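In what follows, a single structure is set out as structure tokens and then discussed.
The values are calculated or read from the model by the stated rules, or taken from the named source; none is laboratory data. Quick caveat: nothing in here was measured; it's all calculated off a predicted structure. Methodologically, a virtual Cβ is constructed for each residue, glycine included, from the backbone with ideal geometry; neighbour enumeration extends over all protein chains shown. Quick note on the areas: whole protein, heavy atoms, side chains included, nothing else; ligands and nucleic acids left out. Shrake-Rupley method; radii C 1.70, N 1.55, O 1.52, S 1.80 Å.
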Amino acid sequence: MDTKGKSSGRIFAENEQYILRFLQTDDKENYMETTMQNSDYPRAYDMDGFADYCWQNTPEENELIFCIFDKATDTYCGFCNLRHTDTDTPEVGISLLSEHHCKGIGYQALRIMMDTYSITNEVEYYIAKVSAYNTHSQHLMEKLGAVQSGREDSEFRQAVNSLMSKPDDTIQYVLSDLQERYEDENQLIVYHL
């Protein structure tokens, strides 16, 4: 994976240390590696066609994705995004390559992104959804001044709940085991910023 020298392109925002550049076609390898490293289910990326399917559906409708680059080294660090940009309560997200975790990059990137987006778009508040077990991201939300507003099931949990209604006994057994085992891990804490 080549993480150097790719910050050129359409820049969304920057500060003294970081550039946020719109996601572009040649970002696929970096984007997919970042997504896989931060996935709750990284083995899914080993399945034939899974990464291509994910890339083909990126970005989602009403989503903006920005690659984060360190200005001093021109190194790709990860990406941040805004979902539901058709509302006045867009959802923020961030994923960093593991070697860039816990270095303050997330705070700066989200702050730059939200501040810049708010200049030209009406925002009542931002929403962030963080896994209940992800204490680093919870700390990041607190640092950004976010207020916890509730909890909800993750997409995985919603899928398990949906499958639980199927009559197949084998599915029922496996899913009930999964449901118990991952009770807390499949909860998202919802924040307002």
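Given the criteria part of a helix (DSSP H, G or I), out of contact with any Asp or Glu (no Cβ under 7 Å at 6 or more places or on another chain) and open to solvent by less than 30 Å² (accessible area, probe 1.4 Å), does M32 qualify? It is true that M32 is part of a helix (DSSP H, G or I), out of contact with any Asp or Glu (no Cβ under 7 Å at 6 or more places or on another chain) and open to solvent by less than 30 Å² (accessible area, probe 1.4 Å). For the range 91-101, taking the residues that are without any contact (Cβ under 8 Å) to a residue 40 or more places away in the chain and over 13 Å from the mean Cα position of the chain (by Cα), the one that is surrounded by the most Cβ atoms within 10 Å (Cβ to Cβ) is identified as H100.
Against the conditions (1) within 21 Å of G106 (Cα to Cα); (2) of a type in the set (K, R); (3) not in a strand (DSSP E or B), R21 satisfies every one except (3). Looking across the range 112-128, the residues that are buried (at least 18 other Cβ atoms within 10 Å of the Cβ) and either aliphatic (A, V, I, L, M) or out of contact with any helix residue (DSSP H, G or I) (no Cβ under 8 Å at 6 or more places or on another chain) (or both) come down to I112, M113, M114, Y117, I127, A128. F12 falls short on exactly one of the conditions (1) open to solvent by less than 60 Å² (accessible area, probe 1.4 Å); (2) in a loop (DSSP other than H, G, I, E, B); (3) more than 15 Å from L97 (Cβ to Cβ), and that condition is (2).
Residues that are open to solvent by less than 30 Å² (accessible area, probe 1.4 Å) and at pLDDT below 85 within the range 35-77 comprise just one, A44.
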